[in-house]
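Here is the structure we will look at, set down as structure tokens.
The values are calculated or read from the model by the stated rules, or taken from the named source; none is laboratory data. Note that the structure is predicted; figures quoted are calculated from it, not measured. Counting neighbours? That spans all protein chains shown, and the Cβs are built from the backbone with ideal geometry, glycine included.
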Ligand code: HEM
């Protein structure tokens, strides 16, 4: 039985700090492997990258999510004991609740709300000296997410609630100040959403039937706190699409030929552009699971209980699947084989049976609408600024937040 290539724990931690998103893939490339073992806080960890490894990772007979997500991530980004931590029948039932609000009708309702907020914001921007797109997008998305979900949001609270949603995302995998800010943001948000769910359960308010608030508040198996955690799992990630909106603007700026093609209103090109933004730009670096029972893969031993990290960023840039992976090229999706395992910005496998992102379709639709507004509905200037994307910061975004000025609304 071959031994899994081993990277010393200290080397791993230093490498991850130095190379960030690129570290697992760089290491695999260096040692010509799709798997290596290391040690994090005295625990064995197996790192995997690439399509075949992704197929393995999403085999629920071999992996489970129980105890796979570190508590610091649950206390900030995800909330404790949410859908991400469940397995088997319990996961299936909870995931069905999430997917029930992702019907075509529900997504159409979201799209209409989002388009209306985009319209209001671009009109406001015409009279504004400059706009930090990342920040403004957070407000647009926060208002849209809450309106869609059925969560009342007074105008005066939009900025602070958006900051808290983003604060939870920004805490991913960090220690220190960003972690503590994330915890505070989660406490405030959970308190807010818990009260709203309580009001529904006590008959003091009646949300739109089929809306996320209605579905979650009526899920009797969830206590009020768990219902709040799951409703936040349906709203926070919508606000997180602001990272992708900043990347869309970055891509339009650096690839005027793409901007030009988007002027043609070709739905296929728009979708491919959206996919390429999700493939090319860094967002989720890894996801994790634990080995359910001992097994072997390609002769390598996987021991029960071992933590396994799947390299999201590297799989999206794997040279064995993606030619010139460091080139931004939406056309590559014209010939993509639509595998559920080689393009995994929001996880792989199936949406219903596994842990693949429940909000992938809503993300794609949000990105398409946002791209359209930026490419077709407004004109703007991009002033000099530092739009560096630091790959050692997780999650990352263009440093300036992407500033635009001289904004005009097109007829
Ligand atoms: C899970 C990425 C947007 C809801 C995930 C996973 C990733 C991901 C990587 C984990 C996959 C795994 O562990 O196998 C993203 C990215 C987004 C996004 C990059 C863009 C900003 C959304 C949206 C929603 C959402 C808009 C809901 C409105 C969820 C839920 C899960 C999840 C509920 C857990 C699914 C499960 O455990 O079964 N997402 N997501 N996400 N996402 Fe997203």
Among strands (runs of 3 or more DSSP E) entirely within region 307-411, at least 1 residues that are under 21 Å from the mean Cα position of the chain (by Cα) and surrounded by 17 or more Cβ atoms within 10 Å (Cβ to Cβ) occur in 307-311
With the structure loaded, tell me whether residue 59 is under 17 Å from residue 24 (Cβ atoms) and either more than 10 Å from the ligand (Cβ to nearest atom) or assigned to a helix (DSSP H, G or I) (or both) or whether it fails that test. no
Name the pairs: first residue in region 76-97 and without any contact (Cβ under 8 Å) to a residue 24 or more places away in the chain and farther than 16 Å from residue 183 by Cα, second residue within 11 Å of the ligand (Cβ to nearest atom) and not in a helix (DSSP H, G or I), Cβ to Cβ under 7 Å, at least 6 apart or on different chains? 85/65; 85/69; 86/65
Mind counting the residues in region 305-337 that are within 16 Å of the ligand (Cβ to nearest atom) and in contact (Cβ under 8 Å) with a residue 60 or more places away in the chain? 9
For region 119-135, give me each residue that is farther than 29 Å from residue 214 by Cβ and touching a residue at least 12 places away in the same chain (Cβ under 8 Å). 122, 123, 125, 126, 128, 129, 130, 131, 132, 133, 134, 135
Within region 114-133, does at least one residue satisfy the condition of being part of a helix (DSSP H, G or I), over 17 Å from residue 366 (Cα atoms) and within 13 Å of the ligand (Cβ to nearest atom)? no
Region 46-55, subset within 12 Å of residue 297 (Cα to Cα) and surrounded by fewer than 21 Cβ atoms within 10 Å (Cβ to Cβ), residue farthest from the ligand (Cβ to nearest atom): 52
Restricted to region 75-99 and to residues being modelled with pLDDT under 95 and more than 16 Å from residue 64 (Cβ to Cβ), the residue nearest to the ligand (Cβ to nearest atom) is 78
Is it the case, given these coordinates, that residue 230 is in contact with a helix residue (DSSP H, G or I) (Cβ under 6 Å, 6 or more places away or on another chain), within 16 Å of the ligand (Cβ to nearest atom) and more than 14 Å from residue 141 (Cα to Cα)? yes
Would a scan of region 280-299 turn up a residue that is touching a helix residue (DSSP H, G or I) at 6+ places or on another chain (Cβ under 9 Å), over 22 Å from residue 243 (Cα atoms), more than 16 Å from the ligand (Cβ to nearest atom) and not in a loop (DSSP other than H, G, I, E, B)? yes
Is it true that residue 240 is at pLDDT 95 or above, away from the ligand (no atom under 16 Å from the Cβ), touching a helix residue (DSSP H, G or I) at 6+ places or on another chain (Cβ under 7 Å) and within 23 Å of residue 106 (Cα to Cα)? no
One residue from 367, 387 being within 14 Å of the ligand (Cβ to nearest atom), modelled with pLDDT of 95 or more and under 19 Å from residue 277 (Cβ atoms): 367
Positions within region 288-297 being touching a residue at least 40 places away in the same chain (Cβ under 8 Å) and surrounded by fewer than 22 Cβ atoms within 10 Å (Cβ to Cβ), in sequence order: 288, 290, 291, 292, 293, 295, 296, 297
Residue check for residue 201: away from the ligand (no atom under 16 Å from the Cβ) and either farther than 19 Å from residue 83 by Cβ or at pLDDT 95 or above (or both): yes
Scan region 1-45 for residues that are in contact (Cβ under 8 Å) with a residue 60 or more places away in the chain, closer than 16 Å to residue 301 by Cβ and surrounded by 15 or more Cβ atoms within 10 Å (Cβ to Cβ) and jot them down. 4, 35, 44, 45
Some residue of region 184-194 being buried (at least 18 other Cβ atoms within 10 Å of the Cβ), free of Cβ contacts under 8 Å to residues at least 12 places away in the same chain and more than 12 Å from the ligand (Cβ to nearest atom): no
Looking for something in a helix (DSSP H, G or I), touching a residue at least 60 places away in the same chain (Cβ under 8 Å) and within 11 Å of the ligand (Cβ to nearest atom) - is there at least one such residue anywhere in region 207-216? yes
